[in-house]
Amino acid sequence: MTRAIFQPPKLRREECEEGERSATWLELFFDLIFVVAIAQLAHNFKEDFSFFGLVKLAILFIPVWWCWIGATFYDTRFDNDGLVDRLITLLQMAIAATMAANIHHGLDTSSVNFALSYIAFRGVLICQYLHAGYHVPQARHLTNWFAFGFTGSIIFWLGSIFVPLPWRFLLWGLGLIVDFATPLTAGKRVVKVPPDMAHTTERIGLFTIIVLGESIVAVVGGVSGRQWTPVSIAIALLGLSIAFSFWWMYFDTVDESPLHAMKKGKMGIALTWLYSHLPLTIGLTATGVGVEKMIHGLENDSITSEKILFCVAVALCLLILSNLHWTSCELGQTKCKRILTFYRLGAAAFVLTLAFASNILSSLVIITLVAIACTIQIVLDIFNTCS
């Protein structure tokens with residue numbers, strides 16, 4: 001029993017797994033902290049629902065998402081669910097909770113604490129990779145590369161603590177560039193130690209579900225404590241249908257085939273697919289908040305900027321979905337995926353057209369037309385002969 005609890009990290013191999021690996025209870029529990037972080041980000045954006053607020057949302061969203069991605073990709077290779085791993089996960093959850101607690105003022109008074117939380121989370125990940133590399137020699141080239149690159153990023157984040165605002169954010173950006181570039185330049189190192197593709201896809205899907213859940217929270221928040229009228233109920237149902245449409249479009253048509261390019265060393269294709277999920281989840285979060293603003297807009301329908309931003313958020317999601325389909329074209333799925341790409345691009349163009357006409361269209365009309373555009377996407381997907 002003692003050996004099982006304190007066993008060192010072992011390299012996971014898909015061919016050695018008994019059946020398709022699913023998310024563990026520990027991984028699902030770990031995700032709950034990021035549910036809180038996404039909720040905090042959405043709350044911040046709701047308080048400042050503007051294009052500047054969208055920029056602030058993205059600045060804080062990126063480190064949160066990258067921490068989750070880092071932990072997820074480590075777990076697909078090395079986790080063994082022993083006592084040490086559980087304690088490390090507890091530590092990561094505590095650090096992620098600290099990040100979430102500092103999100104509200106993460107770009108001003110709490111920016112140092114937010115940066116320290118990010119440094120701590122990534123520091124734990126670096127230690128994990130070094131520990132895994134020590135016990136798994138065949139993975140050492142990859143783990144050392146990740147440890148070296150991620151350490152370089154931390155140096156920028158540490159330096160940002162001693163730099164005043166807004167220059168602090170410049171160092172954050174440089175650190176994130178190093179972070180994102182490190183897997184991109186891993187190349188053949190990843191070929192020898194690829195992640196579990198099926199499990200990775202499931203985990204990314206679960207994070208997408210978390211973000212879509214914020215849309216449901218937004219709908220409930222929009223109608224909660226307000227007088228229920230046929231119009232407000234209609235907008236709430238339309239907002240729910242938009243979230244459901246994005247769920248359908250993602251889980252029915254987005255496949256993980258580009259991720260398999262990692263096994264061939266084609267990191268550009270694989271990471272284009274992976275990194276596209278970042279703006280997608282930001283867009284889905286903004287869309288959820290936008291639905292709530294559309295419900296509130298019934299009382300003051302003259303706020304055209306909010307209607308424009310709602311349309312931009314939806315269009316962003318559609319554009320990223322088209323990019324995910326197009327990335328699959330690089331692996332030979334040309335006909336089917338290109339058709340889906342053009343479906344999404346057409347819908348995005350239509351929604352952006354609504355943004356230009358938002359000064360003459362009511363919130364109800366806009367959200368109705370957006371919901372119809374999303375529903376048409378589902379109908380087209382159902383009758384797509386390539387599916």
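FYI, it's all coordinate maths here, none of it is from the lab. No experiment lies behind these values; they were computed from the predicted model shown. All Cβ positions, even for glycine, are placed from backbone atoms using ideal geometry, and neighbour counts span all protein chains on display.
Numbers below:
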read-out: Extreme residue, positive dipole direction of the chain, given options SER328, ALA186, LEU11 (C-beta unit charges); value: ALA186
read-out: GNM result for the chain, Cα springs below 10 Å: residue of PRO63, PRO279, PRO137 fluctuating most strongly; value: PRO137
read-out: Kirkwood-based shape ratio for the stretch 197-382, expressed as Rg/Rh from alpha carbons; value: 1.01
read-out: The chain: calculated mean residue ellipticity at 222 nm from DSSP helix runs of at least 4, using -39500 (n - 2.57); value: -26000 deg cm²/dmol
read-out: Of LYS10/LYS264; LYS56/LYS266; LYS56/LYS337; LYS56/LYS293, those spanning more than 21 Å from alpha-carbon to alpha-carbon; value: LYS10/LYS264; LYS56/LYS266; LYS56/LYS337
read-out: Helix runs (DSSP H) in the chain reaching 24 Å along axis by Cα, Kyte-Doolittle at least -0.5; value: 25-47, 51-78, 83-101, 111-135, 140-160, 167-184, 197-223, 230-253, 277-296, 304-329, 334-356, 363-382
read-out: The chain: mean projected area of Cα convex hull, nm²; value: 20.0 nm²
read-out: Neighbour-count ranking [beta-carbon atoms within 10 angstrom, fewest first] of THR201, THR185; value: THR185, THR201
read-out: Dipole axis of the chain (+1 Lys, Arg; -1 Asp, Glu on Cβ), positive-most option in VAL217, VAL35, PRO164; value: PRO164
read-out: Prolate/oblate/rounded label for the stretch 90-220 (Cα gyration tensor, a/c 1.5); value: oblate
read-out: FRET efficiency, 1/(1 + (r/R0)^6) with R0 35 Å, evaluated for THR375 and LEU32 via beta carbons; value: 0.65
read-out: Order of ASP48, ASP196 - criterion: other Cβ atoms within 10 Å of each residue's Cβ, fewest first; value: ASP48, ASP196
read-out: With at most 15 neighbouring Cβ atoms within 10 Å, loop chymotrypsin sites (Phe, Trp or Tyr not before Pro) (DSSP) excluded, longest segment of the chain; value: 7-161
read-out: LEU125, LEU345, LEU318 arranged by Cβ crowding within 10 Å, fewest neighbours leading; value: LEU345, LEU125, LEU318
read-out: Assigned charges on the beta-carbon of Lys, Arg, Asp, Glu; the chain dipole about Cα centre (debye); value: 1000 debye
read-out: Shape category assigned to the stretch 71-152 from the gyration tensor of Cα positions, a/c cut at 1.5; value: oblate
